[in-house]
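The values are calculated or read from the model by the stated rules, or taken from the named source; none is laboratory data. Since this is a predicted model, take the numbers as computed values, not measurements. Note that each Cβ is placed from the backbone with ideal geometry, even for glycine, and that neighbours are counted across all protein chains shown.
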Amino acid sequence: MSDQITTDDLTVAGRHGELVVRSWVPAAPRSVVLIAHGYGEHGGRYDHVARRLAADGAAVYAPDHHAHGRSAGEPALVESFDDLAVDLGTVRDTVAGRHPGLPVVVVGHSLGGLIVTRHLQLGADLPRGVVLSGPFVAGNPQIEPLVEMDPLPEVPIDPAVLSRDPAVGEAYVADPLVYHGPFKRPTLRAVFAAVQAVAGGPAFGDVPVLWVHGDEDALSPADLVEPVVGRLAGNDLRSHRYPGARHEVFNETNRDEVIGVLAAFVAEVTA
């Protein structure tokens with residue numbers, strides 16, 4: 001394990017403006033992990049995950065998606081999630097240029113899982129492994145009707161749905177880089193258009209897939225997601241559903257267990 005981790009930011013030109021990409025790089029990286037965060041948040045919320053992976057020898061990169069965190073765009077306004085999937089490919093190419101020849105694992109949480117899925121469905125080279133955490137690939141029948149309501153109800157994400165650990169919700173509410181406003185109609189339309197595209201798109205092919213999900217996930221219900229992930233993944237799917245856990249399994253009360261599963265998967269598939 002490495003205790004020399006360099007953290008810095010780089011900027012990448014996305015389809016709709018500059019993207020800020022955080023990095024955690026050990027002295028002699030043996031692999032690369034790219035983390036795609038979820039709706040309304042930013043890559044900095046994965047610092048604890050990135051530091052664990054970097055300590056094990058992975059160079060970790062987490063872009064703030066367009067319209068999120070410190071990247072360009074009106075906060076939480078996304079017209080196309082395929083554009084974000086293309087951006088992820090641009091970041092991936094940039095990172096590969098920094099670490100030529102190193103095996104890559106792509107991690108997507110929530111809407112980041114949707115972005116990773118579209119990234120692969122749009123023809124990206126297969127990484128060494130794919131990790132989907134609470135991926136929003138099956139939609140949510142309680143959220144989708146909001147798209148056609150006029151006026152659009154103001155229902156921001158309740159921090160209580162994120163984790164059983166109240167400190168997680170408190171930090172989320174206090175984080176100035178998290179978007180705390182209501183959903184925007186174009187973003188909702190883009191989300192569910194991407195969910196439909198996933199349903200009609202190809203499977204991942206022959207790549208190991210790790211799926212981690214909380215059984216009490218109210219935002220992306222596990223029972224809806226399971227058959228979608230089962231179709232997308234090939235013959236090497238590792239599924240971990242955590243009883244009692246909510247949406248953010250990397251921030252749950254059993255986070256060390258979940259991050260340990262992630263670290264072991266990364267180590268195995270990049271060995």
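Tabulated data for the structure shown
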| quantity | calculated |
| --- | --- |
| Wholly enclosed strands (runs of 3 or more DSSP E) of region 1-102 bearing at least 2 residues surrounded by 21 or more Cβ atoms within 10 Å (Cβ to Cβ) | 17-26, 31-36, 58-63 |
| Some residue of region 146-156 being buried (at least 23 other Cβ atoms within 10 Å of the Cβ) and in contact (Cβ under 8 Å) with a residue 24 or more places away in the chain | no |
| Any chance VAL107 is at pLDDT 95 or above, buried (at least 20 other Cβ atoms within 10 Å of the Cβ), in contact with a helix residue (DSSP H, G or I) (Cβ under 9 Å, 6 or more places away or on another chain) and assigned to a strand (DSSP E or B) | yes |
| Selected residue [of a type in the set (Val, Ile, Thr), outside any strand (DSSP E or B), out of contact with any Phe, Trp or Tyr (no Cβ under 9 Å at 6 or more places or on another chain) and within 30 Å of PRO145 (Cβ to Cβ)] from VAL228, VAL261 | VAL228 |
| Residue list for region 68-91, restricted to those being of a type in the set (A, V, I, L, M, F, W, C) and either at pLDDT below 95 or farther than 22 Å from LEU120 by Cβ (or both) | ALA72, ALA76, LEU77 |
| Failed criterion for HIS213 (all others in (1) farther than 25 Å from GLY44 by Cα; (2) assigned to a strand (DSSP E or B) hold) | (1) |
| Subset of region 96-111 (residues that are of a type outside the set (Lys, Arg) and in contact (Cβ under 8 Å) with a residue 12 or more places away in the chain) | ALA96, HIS99, LEU102, PRO103, VAL104, VAL105, VAL106, VAL107, GLY108, HIS109, SER110, LEU111 |
| Filter result (farther than 22 Å from ARG185 by Cβ and either out of contact with any Gly (no Cβ under 6 Å at 6 or more places or on another chain) or among the basic types (Lys, Arg) (or both)) within region 64-93 | ARG70, VAL86, LEU88, GLY89, THR90, VAL91, ARG92, ASP93 |
